[in-house]
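Below: one structure, written as structure tokens.
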Amino acid sequence: MLNTFLTSPKWIDIENWPISWEIGGTWLFPLLESIHVIAAAMVVGSILWVDMRLLGLASTRYAISTLNRELVPWTWGAFTVAAITGFGMFITRAASHVLNPAFQWKIFLLVLAGLNMVYFHYRIYRYIGQWDDAVATPTQLKITGGLSLILWAGVMLAGRWVGHIV
């Protein structure tokens, strides 16, 4: 079933959209790629601060809730830009991207990072008042923050490899 999905002729159809040809054959592709890299760096950079706080390694003078409240909107804004520009690049070579192991890893790690974030925000964060100002955070927060750093580093590394594996 997965193989049928990955080898579907629909991916070629997507590559043949007029916008796909316009992006792939003009200055739009390098523009989207540049914006995508900057947006991805902003995503990971803003997440880095929260994760480092969860680990108790940085920003220990700030409450976790304060960092979260101030940085998460930036994260979501940058993620939206990265998703739009990523989709713009994806449609130019959709059939080859879905078969590219680096792209598959990037999507897989992105999903895991998203699940980790959901776990943090909907399971752990409701009890944040207990640890909000603590310099030494509990193991559960450290695991969530450390896992987030590893997953986002993997997303960035896999993303870097997408264009180099054909």
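The values are calculated or read from the model by the stated rules, or taken from the named source; none is laboratory data. Note that the structure is predicted; figures quoted are calculated from it, not measured. So basically every Cβ, Gly included, is an ideal-geometry build from the backbone, and we count neighbours across all protein chains shown.
Pick out the one residue from Leu31, Leu67 that is without any contact (Cβ under 8 Å) to a residue 24 or more places away in the chain, surrounded by fewer than 17 Cβ atoms within 10 Å (Cβ to Cβ) and among the hydrophobic types (A, V, I, L, M, F, W, C).
Checking each option against the conditions leaves just Leu31.
Of the residues in the stretch 14-28, how many are surrounded by fewer than 17 Cβ atoms within 10 Å (Cβ to Cβ) and either closer than 14 Å to Ala83 by Cα or aliphatic (A, V, I, L, M) (or both)?
Counting residues in the stretch 14-28 that are surrounded by fewer than 17 Cβ atoms within 10 Å (Cβ to Cβ) and either closer than 14 Å to Ala83 by Cα or aliphatic (A, V, I, L, M) (or both) gives 2.
Criterion first (modelled with pLDDT under 95, farther than 18 Å from His164 by Cα and of a type in the set (Phe, Trp, Tyr)) does Phe5 satisfy it?
yes
Quick check on the stretch 104-139: of everything there that is exposed (fewer than 15 other Cβ atoms within 10 Å of the Cβ) and polar (S, T, N, Q), which residue is farthest from the chain's Cα centre (by Cα)?
So, considering only residues that are exposed (fewer than 15 other Cβ atoms within 10 Å of the Cβ) and polar (S, T, N, Q), the one farthest from the chain's Cα centre (by Cα) is Gln130.
Taking Ile107, is it under 18 Å from Ser8 (Cβ atoms) and free of Cβ contacts under 8 Å to residues at least 12 places away in the same chain?
Answer is yes for this residue.
Residue under question is Thr137, and the condition is that it be closer than 30 Å to Glu22 by Cα and either in contact with a Leu (Cβ under 7 Å, 6 or more places away or on another chain) or modelled with pLDDT of 95 or more (or both); does it hold?
no
Could you identify the single residue in Ala82, Ala63, Ala41 that is touching a helix residue (DSSP H, G or I) at 6+ places or on another chain (Cβ under 7 Å) and either within 20 Å of Thr137 (Cβ to Cβ) or modelled with pLDDT of 95 or more (or both)?
Within the list Ala82, Ala63, Ala41, the selection yields Ala82.
Looking at the stretch 34-47, which of the residues that are crowded, with 18+ Cβ neighbours inside 10 Å and hydrophobic (A, V, I, L, M, F, W, C) is farthest from Leu147 (Cα to Cα)?
If we filter the stretch 34-47 for residues that are crowded, with 18+ Cβ neighbours inside 10 Å, which is where we start, we get 36, 39-40, 43-44, 46-47.
From the residues that got through so far, the ones that are hydrophobic (A, V, I, L, M, F, W, C) too are 39-40, 43-44, 47.
On the way: Ala39: 21, Ala40: 18, Val43: 16, Val44: 13, Ile47: 12 Å.
Top of the filtered list is Ala39.
So, in the stretch 10-24, of the ones that are among the charged types (D, E, K, R) and within 13 Å of Met89 (Cβ to Cβ), which residue ends up nearest to the chain's Cα centre (by Cα)?
It comes out as Glu15.
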